[in-house]
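One structure is given here, and the rest of the page talks about it.
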Amino acid sequence: MTRERGVGLILCAVSSYFIEQAQRALAQRDLASALAACLKAVADPAAGAPAWFLKGTVELGLGRPADAAASAARAIALSPADARFHVLAGNAAEDAGQAKVAAAAYEEATRLAPEWAMAWHRLGTVRYGLRETEPAAHAFERAVACDSAYVRSWNNLGLARLEAGHLDAAEVALRRALDLQPDHAHAFRNLARVLAARGDAAGAERLNVIASRLPTS
């Protein structure tokens, strides 16, 4: 074994040790200790993309979206085909109020991992926030196609369809959300809006009363 290779293996082992420390601290919700361990891990010039990804995840949890975005960029530079790193970049951009940047990051994640429901859901959420109703609905449709039990995407799909005036499609999606989670207050409220749009004030009021008795999350 050459001296250079031996040093490289030692550095890799050191980085892995600090990554494991960070993961343990993160599992215990000790974000400060997790970040300290991540900083030691990425101090190794040979630190790989997972170390930067973990650092960015912790930074996001600490409310530091700019730092998280920089860590995500380092992870992407090292491993551009990993969709997780693009989702992290999207999360950081969202937290920084950069919706269009977030949408571009989520678009790339869905291109790399077209069967990942969560990436489609995040894309739909950002598109909806940008008032891009049809692209949002398409993203939520892709999310539930990937995961038919994704309650939040069914609810959001119903909301997007409602906003676009597609009342029948909205009702189908919202009732599917309620089939999966009968105590989903937001789905009841959105379904009440569908009934109200059809002129069924009594039905809408009944659903709003039910929603008011349910916990919201």
Note: among 103, 92, 139, just one is at pLDDT 95 or above, closer than 26 Å to residue 64 by Cβ, of a type in the set (Gly, Ala, Ser) and touching a Lys or Arg at 6+ places or on another chain (Cβ under 8 Å), namely 103
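Conditions tested, residue by residue: (1) surrounded by fewer than 21 Cβ atoms within 10 Å (Cβ to Cβ); (2) touching a Gly at 6+ places or on another chain (Cβ under 8 Å); (3) at pLDDT 95 or above.
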site: 6; (1), (2), (3): yes, no, no
site: 10; (1), (2), (3): yes, no, no
site: 16; (1), (2), (3): yes, no, no
site: 20; (1), (2), (3): yes, no, no
site: 25; (1), (2), (3): yes, no, no
site: 50; (1), (2), (3): yes, no, no
site: 53; (1), (2), (3): no, no, yes
site: 63; (1), (2), (3): yes, no, yes
Please tell me if residue 109 is buried (at least 23 other Cβ atoms within 10 Å of the Cβ), in a helix (DSSP H, G or I), in contact with a Lys or Arg (Cβ under 7 Å, 6 or more places away or on another chain) and not hydroxyl-bearing (Ser, Thr, Tyr).
no
If you go through the range 195-204 one residue at a time, do you hit one that is in the same structural domain as residue 154 (by TED's automatic domain parsing), surrounded by 14 or more Cβ atoms within 10 Å (Cβ to Cβ), in contact (Cβ under 8 Å) with a residue 12 or more places away in the chain and of a type in the set (D, E, K, R)?
no
Does any residue of the range 136-156 turn out to be surrounded by fewer than 22 Cβ atoms within 10 Å (Cβ to Cβ), free of Cβ contacts under 8 Å to residues at least 12 places away in the same chain, acidic (Asp, Glu) and in the same structural domain as residue 214 (by TED's automatic domain parsing)?
no
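The values are calculated or read from the model by the stated rules, or taken from the named source; none is laboratory data. A quick note: this is a predicted structure, and the numbers were derived from the prediction, not measured. A quick note on method: Cβ atoms are made from the backbone with ideal geometry, for glycine too, and the neighbour counts reach across all protein chains shown.
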